[in-house]
Structure formats: structure tokens, C-alpha cells
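Every number in this text was worked out from the coordinates using simple rules, so none of it is lab data. Keep in mind that what you see is a predicted model, and the values were worked out from it rather than measured. So basically every Cβ, Gly included, is an ideal-geometry build from the backbone, and we count neighbours across all protein chains shown.
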Amino acid sequence: MHDPLATVPLSAIRVFEAAARLGSFTRAAGELGMTQAAVSWQVKALERRLDQALFRRLPREVTLTAAGERLYRAASEAVTALRTAIADITDQGAGVLTISALQTFATQWLAARLGAFQVANPDVAVRLSSESRMIDLMRGDADVGIRSSRHGQWPGLESIYLFPAAQTVLATPQALAGLGPSPRPGDLMSLERVGSEEEWALWFAAAGVADCPDSIAAGLRITGDSQVLEVAAAMANGTMAIGSPVMFAADIAAGRLVQPFPIVFGESGYWLAYPADRRRSRKIAAFRTWLLDQIRADPAARNELARRGAVSDVS
């Protein structure tokens, strides 16, 4: 039987994949270390072999035809699989583990513990990136990611549930003193607070306080784009914010923050994710084992798991 791949050089597929992904022959040439003319020649040669136009040439960019879209999906999967296999076989990049984590998780929970990972794995250096956007782990933007999600399901990724991402009120002792000896959740509406109206509305609803949008919004003065920024603002100004009792367990234990009510909200959890076909990578396996051990040793994370009655991959 004739093998259609026998007539197509793999180098041409590699050039096509880069041009399709970047939407430009010039950018593909820069990534591949080729000239723009060489990229254009390779693509034209591939189109002649397939007797199909793969790109529409526009003045400043190229776009895929229907045939090009179909080939690109397959080529992208094939190139990703080849990169993964080569990296695993040669152990390329084994000396650096790149972790992408949410800002609050990275700064409040993970960063202080990573020294223990490096002591246990001296041949693996760590690069920690904190960001809110979901980076593409399938393209190797990072080795592993830690994200918040209800179900932890992402195409091509294997995910492990860590612990609940519960939210509650975290107050400074100064703010707590303003609540009086027997505070009620509704009393917080009259005090200055940090955070978004949406999050505070969810907490008041969980506390059974009647919905009163004007009262909820009245006390809000500062809003940040992450828990760590909002809680830091509350601590600096002697007010209160919405945050995770796990992420800020050290501040609670030290008396810098107080959780005035046991009321929490949120159905999401923290998940460790990585490409399913890289589960046996030495550095990923080492980090996975270490991370689960760290969570087992964290009383605040265990308390949240017990409170939620959650089934975790940690246990």
C-alpha cells in the first residue's frame, strides 16, 4: 500500500506547522532560523506535492484554507507529540522545572515551601511563574500548572485535585474590634471592606444575610486583581477582605488576620495539571509526589478537605 507520508518531507511539515501557528512566513522563519524565502519555498513545495492550496496569501499575513486547517490540526498534534517524546527520551530540560501557578497560591503557599523541594531534588532547578491566564501546557509553556477549577478537566491534561479553594472573610484585629463582642455577619455591611461586590455578595448570601446591593457596595473602597493584593490592602488599612483560610493560614496563626465567622463559599478547588503523556517525566513525577506530601502535612489544607468532605487525590 502506498504511504502518503513517503512523498512529504517531515521538514516541510515542520515549516508548515510553524507558519500556520504563527500566521506568518516571516515569523516562522525567525523561529526556525531560516529565511522568509526558504519558508515560502518549503510551503509551496508542500502544496505542489499535495496538489492543494494550504494558505491564502494576504498583504501582511497568511491564513489557512480548509485543507490547511485540517492538516494543521494533525501537524500540531504530531509536532507536540514528537517534542514530548524527544524531551522524555533524552531527558532534555530535566534540570529545570517550570511551574505556572495562580499569584496567590504561588506567593502565599508554594514559594515558601519550594526550598524543601530543591533540597530533596538537588539536580532540578525551579522556575516559578505566577499568573492569572491559563497558559498552554500542551505547547510546553510550563511543565506543570496549578489552577482553580470546579472539575479540573482540560483537554490533553492529567489533573490531580489538591484541596478546596474556599473563600471567607479575613479581618485584621483592628477591624474585628469594631464589630463588638458578639458580631453578626450583617454587621460587616457597615464597615469598610476590600474586594469585589460580587465576592462579598456571595459571602453574605452564604451567611444568610438578605441581599442588599447598595449596602454591600457602600463599604467597598479597594478592589484588586488577586486575593493576595486585596488581603494585603486590608492588612495595611486595618480593614477586611475575602480570602482563603489555607492561603493565609500563617497570618491567621500569627494573629495578623482573624477569621471571624466559619462561613465559607465557593465550589472550586486547586488542581495540579500537566500533559497526560508526560506523567512519567522524572521532574514532573518528583514534583507531584513532593507536592502531595506537602499538602498532607498542611493542617489548614487538611481542615478544608475535612470540612468540605472532599475526596482528594492527596489522601
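Over the C-alpha trace of segment 245-315, radius of gyration and Dmax come out as 14.9, 45 angstrom. Per residue of the chain, the DSSP helices (runs of n ≥ 4 H) give a summed -39500 (n - 2.57) that works out to -12500 deg cm²/dmol at 222 nm.
Between Ala53, Ala300, Ala206, the Gaussian network model of the chain with springs among Cα atoms under 10 angstrom shows the greatest mean-square fluctuation at Ala53. Residue by residue, segment 196-209 carries 3J(HN,Hα) couplings of 8, 4, 4, 5, 5, 4, 5, 5, 4, 5, 5, 7, x, 7 Hz when phi is fed to the Karplus relation 6.51 cos²θ - 1.76 cosθ + 1.60 (θ = phi - 60°); x denotes Gly or Pro. For segment 36-71, the set of trypsin sites (Lys or Arg not before Pro) satisfying both a DSSP loop assignment and a count of at most 16 other C-beta atoms within 10 Å is given as Arg60. Bridge orientation summary for the chain: considering DSSP beta bridges with both residues in this region, about 65 percent are antiparallel.
If you take the Cα centroid of segment 20-63 and the Cα centroid of segment 105-134, the two points sit 39 Å apart. The percentage of C-alpha pairs in the chain whose separation is greater than 30 Å is 50%.
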